[in-house]
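Asks: Please read through the structure below; I'll follow up with questions.
The values are calculated or read from the model by the stated rules, or taken from the named source; none is laboratory data. Fair warning: this is a prediction, and the values are worked out from it, not measured in the lab. Here the Cβ positions follow ideal geometry from the backbone for every residue, glycine too, while neighbour counts run over all protein chains shown.
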Amino acid sequence: MRSRNATWRFVGLIGCLVLLGVFLAAPTWAQTKPVMVYGVIHEYTLARLMQMFERDTGGKADFIRLSGGEVATRVLAEKQSPKGDVIFGISRAIQETLKSQSLLEMYKSPRRADVPSRYVDPDGYWTGSSLTVQGFAINTDRWKQEFGNAPMPKTWEDLLDPKYKDLIVAPSPLSAGTAYTFIVGQFFRLGEEKGWEYLKALDKNVRFYTPSGIAPARMVAAGEFLIAITFAHDALKAISAGYPVALIHPAGVSWDIGSASLIKNAPNPEGGKKFIDWALGRDPIQLIVDLNFEGSLRSDVSLPMGATPLDKLVLVDYKLDWAAQNRQRILKQWGEQFKK
Amino acid sequence: MPKATAARERSGASLVRRLTVDPLGLGAAAFVVGLLAVFVLFPVVRVLAQPGVPEWVRLLTDPRWLRLGGNTLMIGALSTVSAVMLGFLFAYATSRPDVPLRNLFKLIAILPLVSPPFVGGLAFILLFGRRGVITYSLLGLRGDIYGWHGLWMVQTFAFFPIAYLTLAGVLRRINPTLEYAAQDLGAHGFRLFRTVTLPLATPGLTSAALLVGIYALSDFGNPMLVGGPFKVLATETYTQVTGWGDLGMASALSAALLLLSLVLFAAQRYWVEGRSYATVTGKGSFADPLPTPTPLRWGLFIACSLVALILLAIYAVVFVGAFARIWGVNWHPTLENFEYTVFRGQQLWNSVRFAGLAALGGSVFAVLAAFLIQRKRFPGRAAADFAAILPAALPGTLIGVGYILAFNTPPLALTGTGTVIVAAMLFRTIPVGYRAAIAGLAQIAPNIEEGAADLGARPLRTLWDVTLPLIRSAFTSALVFTFIRSMNTLSAVVFLISPGNVVASASILALAEHGEWGQASAMAASLMSTVFLVLLGFRLLTGGRMRLFEL
């Protein structure tokens, strides 16, 4: 019988597959307990950072790269039995949320002394690691093709010119912290009422709002759009990769800081503390600056390649408390008014 | 005949009696029901219990969500129709032995499945975007793909392989003698197709539509990349978590998506219920299929060629991008992009390991569940059927979050291990293998099994000698499909990866998100090559006897 033979062959194959399964399932667990880092900065930078940690301290560290919200979700979901030790590079807004949910462990790293006091949590839950500023990115190839030698926009108001209709791409605050930083930045620059008016005027030129905060810079780098509202490091990264992009910081740019914290009831708190102390030191921060193009809070670390020095920028007076307290209201209002 | 069997069972057999007659069947049923309850229903319940009153109120009162719901329904319907049509075209063309290059088409049709999420959409933008190589540089078009029309195109290409896979098996099993008979009775050409081929393919078509529809509803990657101002619920679910970590709102939105999927499920149920599509009736046929009329043959060939060319272009982009210094800017060939792939080589191995385990476990489980649910009567059968198809309706994000909530604490403290990733991969893809097996079984008249039973074969023997050979193709489809999908799955596992258990698809997303397209392409190309190598190895190992994806 043809089908009988086929069945036996089939069963033989299943047997082989079971053996294969046993082989695949054979555990390959690491022997020493590494420090577990939930990192928000770039994947490649994190990998190099871990390598450097192992070389410098002899300890072991491993990481996963997540978006800020994913870290928050994960830490909350793992509350009963945390799996991570350290949160690294995440925005203050999310640190504050985690702190208010009692998901962080207070840890006053000795490195707090190395950075200005406004960049550390006075309650001792997080310590600033990097400074990120905003601006807009322009695709220079497209600019030359479409606007020739005309001067590029220099101020936020310049972006309201109708000739940029559908050429601007910006992130959506409903899902991207980057965009919320931008919006409240406009409020801090103009006052809330005028800020809303500015956003509405800008909306006329925005083709659509991307869910991801990094996407606009990437789309402008590829030439899909002319102008992106973005964090400087996302644009600088594209520039250093060789894309035809110019980064412009108008007067009154918003900013944020990345920060490090220890997760409450972390499985390896001592290792976590050791990692934070190490990672906020000069060499690791220089590595992050060089690979990730974020600004440093330490005075002994050089600027990212192509970045504008801080004293040449006009930063808005960012009020963290106000931004945190009004978030729900602002997001709701934004969601009602902007539909792209 | 099936009605009589059912009636006999309903009236006569008690649970106790069936237990003594068929203890193995009932034990297996308990096993299937138990696993589905723990790994499908429990995480879903955990997620649905997550949102508080404010989130539900926001969901029901904010006009934004209603608008998004409308968008979701519209694009879901459009993409489902077009993807199923395209899938049918490919399945029909490749089922005709006289269509040129049919084996090549079979291979190309599965390309979108082999590609990691994001990468296909990204390549699509690079080709057809505002500055796309084809639309802008080659054709000088000033079009704009961002919106529902671009999304429709991308989803059609992304999901038609799912329809193709479901339909290919179904069409191949249609007995050619039926077509001969119809022809003898005077039906030719389109009439033959409409009155014989199409009705026989109906269970496949509805299965395919259900799967594609649910995939389209819960797709978040493509709307994120090419939807532009056209937003859908699934993207919102994902970004509520990734952006602000709003688990409550994300869960509430998942519930809304789940509701839409359930409606689809019920509709498909209603449509297929009570009809018989059995064509394998024990009266074997050695007849060759009818020759395809020449105009139809070439029409099929040209249509498939066009689609195949677009797909080849999309995946060529990934490989070219992997070796180009900077996509679109500097085309010098380089190997630099592969440095990171090698540096984090463990991730690729993790992907193969986890996906392999999920495929082995998943295909056995899917076929077993399909067989039990299709052929046996046991308590919880309808619920098990529902649970086996449910994962397709769940956004990956919901599965990921649900698994964290469900398995972070004892008794099943699995988070942080590879096991939880394997489980997520396995149960997320269960519906495909399960539906394929059900569709296969629906075509096998129970009278073959009953015949075997009448000849004295015990249930296990019947399963072994009669049913298994007939659903082998469903098994191998499930095996290969689960492996490929799991190699590329992202939205669910992104919440479950832990240091040491990172998979390649998560790295690809992280790299692509940061604009490291070269490195992302390199890793994606490595991942796709790995999938093809494993498939090739599998095919060689089985001496080409095992059907992989109808190849």
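Asks: Please go through region B:456-510 and give me each residue that is acidic (Asp, Glu) and more than 9 Å from chain A (Cβ to nearest Cβ), ordered by number. Walk me through it before giving the result.
Replies: So in region B:456-510, the residues acidic (Asp, Glu) come out as B:465.
Correct list: empty.
Asks: Test each condition in (1) over 29 Å from the mean Cα position of the chain (by Cα); (2) within 14 Å of chain A (Cβ to nearest Cβ); (3) in a helix (DSSP H, G or I) for residue B:453 and report the one that comes out false.
Replies: Only one criterion in (1) over 29 Å from the mean Cα position of the chain (by Cα); (2) within 14 Å of chain A (Cβ to nearest Cβ); (3) in a helix (DSSP H, G or I) is unmet by residue B:453, namely (2).
Asks: What's the number of the only condition in (1) within 13 Å of chain A (Cβ to nearest Cβ); (2) surrounded by 18 or more Cβ atoms within 10 Å (Cβ to Cβ) that residue B:369 fails to meet?
Replies: (1) is the only condition that residue B:369 fails.
Asks: Of the residues that make up region B:402-414, is at least one within 18 Å of the chain's Cα centre (by Cα), within 27 Å of residue B:162 (Cβ to Cβ) and either of a type in the set (Gly, Ala, Ser) or part of a helix (DSSP H, G or I) (or both)? Give the steps one after another, and end with the answer.
Replies: Quick first cut of region B:402-414, residues within 18 Å of the chain's Cα centre (by Cα) only: none.
Checked against the condition, which is being within 18 Å of the chain's Cα centre (by Cα), within 27 Å of residue B:162 (Cβ to Cβ) and either of a type in the set (Gly, Ala, Ser) or part of a helix (DSSP H, G or I) (or both), region B:402-414 yields no hits at all.
Asks: Restricting to region B:180-194, what's the tally of residues that are in a helix (DSSP H, G or I) and either out of contact with any helix residue (DSSP H, G or I) (no Cβ under 6 Å at 6 or more places or on another chain) or of a type in the set (Phe, Trp, Tyr) (or both)? Step through it out loud before you land on a result.
Replies: So in region B:180-194, the residues in a helix (DSSP H, G or I) come out as B:180-184, B:189-194.
Okay, now just the ones that are also either out of contact with any helix residue (DSSP H, G or I) (no Cβ under 6 Å at 6 or more places or on another chain) or of a type in the set (Phe, Trp, Tyr) (or both), so B:180-181, B:183-184, B:189-191, B:193-194.
Residues meeting the conditions: 9.
Asks: Hey, another quick one. With a cut-off of at least 2 residues that are within 14 Å of another protein chain (Cβ to nearest Cβ) and among the β-branched types (Val, Ile, Thr), name the strands (runs of 3 or more DSSP E) lying wholly within region A:215-316.
Replies: Here the list reads A:227-231.
Asks: Let me ask another. Test residue A:228 against the stated conditions and say whether it is out of contact with any Gly (no Cβ under 9 Å at 6 or more places or on another chain) and surrounded by fewer than 24 Cβ atoms within 10 Å (Cβ to Cβ).
Replies: Taking the combined requirement at face value, the residue does not satisfy it.
Asks: Something else now. Out of the residues in region B:58-67 meeting the condition of being surrounded by 12 or more Cβ atoms within 10 Å (Cβ to Cβ) and more than 10 Å from every other protein chain (Cβ to nearest Cβ), tell me which one is nearest to residue B:250 (Cα to Cα).
Replies: So the first thing to find is which residues in region B:58-67 are surrounded by 12 or more Cβ atoms within 10 Å (Cβ to Cβ), and the list is B:58-59, B:62, B:64-67.
Next cut, more than 10 Å from every other protein chain (Cβ to nearest Cβ) only: B:59, B:66.
Details: B:59: 10, B:66: 15 Å.
Once the filter is applied, the top-ranked residue is B:59.
Asks: Okay, next question. Does at least one position in region B:150-171 carry a residue that is more than 28 Å from residue B:68 (Cα to Cα), in contact with a helix residue (DSSP H, G or I) (Cβ under 8 Å, 6 or more places away or on another chain), within 14 Å of chain A (Cβ to nearest Cβ) and part of a helix (DSSP H, G or I)? Lay out the reasoning, then the answer.
Replies: As a first pass, look at region B:150-171 and keep what is more than 28 Å from residue B:68 (Cα to Cα): B:164-171.
Retained after the next criterion (residues that are in contact with a helix residue (DSSP H, G or I) (Cβ under 8 Å, 6 or more places away or on another chain)): B:164-171.
Okay, now just the ones that are also within 14 Å of chain A (Cβ to nearest Cβ), so none.
No.
Asks: If you scan region A:9-37, which residues turn out to be at pLDDT 70 or above and more than 9 Å from chain B (Cβ to nearest Cβ)?
Replies: A:12, A:15, A:19, A:33 - these are the residues of region A:9-37 that are at pLDDT 70 or above and more than 9 Å from chain B (Cβ to nearest Cβ).
Asks: Residue B:196 fails exactly one of the following numbered conditions: (1) more than 14 Å from chain A (Cβ to nearest Cβ); (2) within 22 Å of the chain's Cα centre (by Cα). What is the number of that condition?
Replies: (2)
Asks: Also, I was wondering about something else. Would you mind finding the one in B:364, B:352 that is surrounded by fewer than 20 Cβ atoms within 10 Å (Cβ to Cβ), β-branched (Val, Ile, Thr) and under 22 Å from the mean Cα position of the chain (by Cα)?
Replies: Numbers: B:352 fails: surrounded by fewer than 20 Cβ atoms within 10 Å (Cβ to Cβ).
B:364 is the lone residue from the list that is surrounded by fewer than 20 Cβ atoms within 10 Å (Cβ to Cβ), β-branched (Val, Ile, Thr) and under 22 Å from the mean Cα position of the chain (by Cα).
Asks: Then there is this: With a cut-off of at least 3 residues that are facing chain B (nearest Cβ under 8 Å), name the strands (runs of 3 or more DSSP E) lying wholly within region A:47-145. Before you say what the answer is, go through the steps one by one.
Replies: On the way: elements: A:61-65, A:86-91, A:126-139.
Where strands (runs of 3 or more DSSP E) fall fully within region A:47-145 and carry at least 3 residues being facing chain B (nearest Cβ under 8 Å), they are A:61-65.
Asks: Sticking with this one: Just checking, which of A:117, A:212 is at pLDDT below 95 and surrounded by fewer than 17 Cβ atoms within 10 Å (Cβ to Cβ)? Talk me through it step by step, then tell me what you get.
Replies: Numbers: A:212 fails: surrounded by fewer than 17 Cβ atoms within 10 Å (Cβ to Cβ).
A:117 is the lone residue from the list that is at pLDDT below 95 and surrounded by fewer than 17 Cβ atoms within 10 Å (Cβ to Cβ).
Asks: A follow-up question, please. Would you pick out the residues in region A:163-209 that are away from chain B (no Cβ under 11 Å), among the charged types (D, E, K, R) and either buried (at least 24 other Cβ atoms within 10 Å of the Cβ) or not in a helix (DSSP H, G or I) (or both)?
Replies: Of everything in region A:163-209, those that are away from chain B (no Cβ under 11 Å), among the charged types (D, E, K, R) and either buried (at least 24 other Cβ atoms within 10 Å of the Cβ) or not in a helix (DSSP H, G or I) (or both) turn out to be A:165, A:204.
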